Amino acid sequence: MTAFELADKLRVQFPTVLGVPSEFRGEVTIVLSDPEQIVEVCKYAKEQLGFEMLLDITSIDNYGQEPRWTVVYMLYSLKHRCHLRIKTDVTEARSELPTVTGIWRGADWHEREVYDMMGIRFRGHPDLRRILMWEGYPYFPLRKDFPLAGRSSEVPGVAFSRPAPMEGGPFVTMPGGKDAIEREPRVRNPQNQEGVSEP
């Protein structure tokens, strides 16, 4: 069976909360309107449709819109050799989903990363704590309202951070120029880097 056919079977099983599957460049996506039913939908996808692998869970910040976040589950079926993407939205007021660690143990670290970077909590997770940033870090770095330079924070005896200098940084380029090298800040400002001359 194809991913689209499997997604349609999933929609038939949950007709009130799953939309019509869509396909773009060979990738099939289905949208779940009620995030509280993510466990039931994923359990059916695994046990009845053969999506035995959870490849990833990621999140999108729709900053300035509501619902604020979209959480994306990437599934894979070895039996059918196809992928399926399930998307569901989470509001800023709620910012919580049920955990799917009871379906795929590998969801553990994926959910921790989404929590650590975006601040979305996973209810029922066996060990929901930060996985990249240190415990006590007060921010969520992948939110769009988090400044590119970072924010100062300090946990005495544990860790600290300072805003990064933006000039010459790897993320800041200027529009225009004939190529990426010309747009690189260190090339335009040779005093910041020895051995680089003005183009």
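The values are calculated or read from the model by the stated rules, or taken from the named source; none is laboratory data. Just so it is clear, the structure is predicted and the values come from calculations on it, not from any experiment. Glycine also receives a Cβ, built like all others from the backbone with ideal geometry; neighbour counts cover every protein chain displayed.
So which residues in segment 75-100 are surrounded by fewer than 17 Cβ atoms within 10 Å (Cβ to Cβ) and hydroxyl-bearing (Ser, Thr, Tyr)?
Correct list: Thr91, Ser95.
So which of Thr101, Thr58, Thr70 ends up being assigned to a loop (DSSP other than H, G, I, E, B), closer than 30 Å to Met1 by Cβ and β-branched (Val, Ile, Thr)?
Just a single option satisfies the conditions, and that option is Thr101.
Would you call Tyr63 within 21 Å of the chain's Cα centre (by Cα), part of a strand (DSSP E or B) and in contact (Cβ under 8 Å) with a residue 24 or more places away in the chain?
no
Please go through segment 19-49 and pick out each residue that is among the β-branched types (Val, Ile, Thr) and part of a helix (DSSP H, G or I).
Matches in segment 19-49: Ile38, Val39, Val41.
Consider segment 33-51. How many of its residues are over 13 Å from Asp8 (Cα atoms) and touching a helix residue (DSSP H, G or I) at 6+ places or on another chain (Cβ under 6 Å)?
So the count comes out to 1.
Does Thr16 satisfy being hydroxyl-bearing (Ser, Thr, Tyr), modelled with pLDDT of 95 or more and assigned to a strand (DSSP E or B)?
No: the conditions fail for Thr16.
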